[in-house]
Amino acid sequence: CRCCAESRRHSSILYNILRSEQRAASPAGQGPRRAGRASRGCPCGSRRRVALRSPQVACKEASAVLVKTLRFVQNVPCFQELPLDEQLLLVRSCWAPLLVLGLAQDRVHLETVESAEPSMLQRILTTRRLGEQPPPRGPAPGRPHHGPGGGPHLPSAGEIQAIKGFLAKCWSLDISTKEYAYLKGTVLFNPDLPGLQCTQYIEGLQREAQQALNEHVRLIHRGDETRFAKLNVVLSLLRSINANVIAELFFRPIIGAVNMDDMLLEMLCAKL
């Protein structure tokens, strides 16, 4: 890692010049300030850009899981009783966590490789030569990832690790089909979304999903008093997964720039 290779610079002439100037500028009795990078740990590893090793295979599996997920949603009678705009609002907000739950249920493994994406300095120098504005450091909220020139912005290693960590957590708990269904119901019926009209009804559905999960766990796992809490920890881990990252990782490689809202509306209105 370049930012942690301080020891390699100790013998350089530039390093010694800067070091001497720093000592001269320091108040008496005080040593030069250290950046403290070593104590915080190098962030470079989590910022590295990664891509799927076999995008066609992984994207096909994710697409199949998305179809199964929306079919599951359509087959929930209480969901069908909601107005279409309420249905679409719920699906738009939760399609990514539902998809990741589906990936865990179907045991889809993610194999990734580090990408040779240009560094920020390289991009700045390139865009200046072309007379363009330097690229932003990250995507705006609610917008898909884009790289220079409107191309795809690959997910970082940290973002992928959050997905892999979630999958590993689910697999370690050996979650059953019924437990997955109740977890999906809890995620789907989120009463806290702005713009919902049937808030109390949806809140009641979420409460029923949690109660059904609790009763199932107490019946099947009588000796494990912590399992219900562990399953709720799984739900909390879903908050760290970005929907834009899921779209860029699984759908852009096969269908290009995708508007997930349009695709979800089309799939929701279709008979899957």
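The values are calculated or read from the model by the stated rules, or taken from the named source; none is laboratory data. Just so we're clear, the structure is a prediction, and the values are computed from it rather than from any experiment. Quick reminder, even Gly has a Cβ in these numbers, built from the backbone with ideal geometry, and neighbours come from all protein chains shown. For the accessible areas, the whole protein counts, side chains as well, though only heavy atoms, and no ligand, DNA or RNA atoms are used. Shrake-Rupley method; radii C 1.70, N 1.55, O 1.52, S 1.80 Å.
Among the criteria (1) surrounded by 15 or more Cβ atoms within 10 Å (Cβ to Cβ); (2) free of Cβ contacts under 8 Å to residues at least 24 places away in the same chain, the one ILE175 does not fulfil is (2).
A single member of GLU266, GLU208, GLU248, GLU215 is over 30 Å from GLN56 (Cα atoms) and either in contact with a Pro (Cβ under 7 Å, 6 or more places away or on another chain) or exposed (fewer than 14 other Cβ atoms within 10 Å of the Cβ) (or both), and it is GLU215. For the stretch 194-205, the candidate set comprises residues that are exposed (fewer than 15 other Cβ atoms within 10 Å of the Cβ) and touching a residue at least 40 places away in the same chain (Cβ under 8 Å); within that set, the residue that is nearest to PHE79 (Cα to Cα) is GLN197.
Residues in the stretch 85-112 that are open to solvent by 30 Å² or more (accessible area, probe 1.4 Å) and free of Cβ contacts under 8 Å to residues at least 60 places away in the same chain were compared, and the one that is nearest to LEU183 (Cα to Cα) is ASP106.
For LYS230, which of the numbered conditions (1) within 28 Å of ARG49 (Cα to Cα); (2) open to solvent by 60 Å² or more (accessible area, probe 1.4 Å); (3) touching a residue at least 40 places away in the same chain (Cβ under 8 Å); (4) not aliphatic (A, V, I, L, M) fails to hold? Result: LYS230 fails condition (1) only.
Being among the small types (Gly, Ala, Ser), under 20 Å from ALA62 (Cα atoms) and not in a helix (DSSP H, G or I) is a description that does not apply to ALA162.
I want to confirm something. Restricting to the stretch 50-79 and keeping residues that are modelled with pLDDT under 90 and outside any helix (DSSP H, G or I), which single residue is most open to solvent (accessible area, probe 1.4 Å)? Among residues in the stretch 50-79 that are modelled with pLDDT under 90 and outside any helix (DSSP H, G or I), the one most open to solvent (accessible area, probe 1.4 Å) is ARG53.
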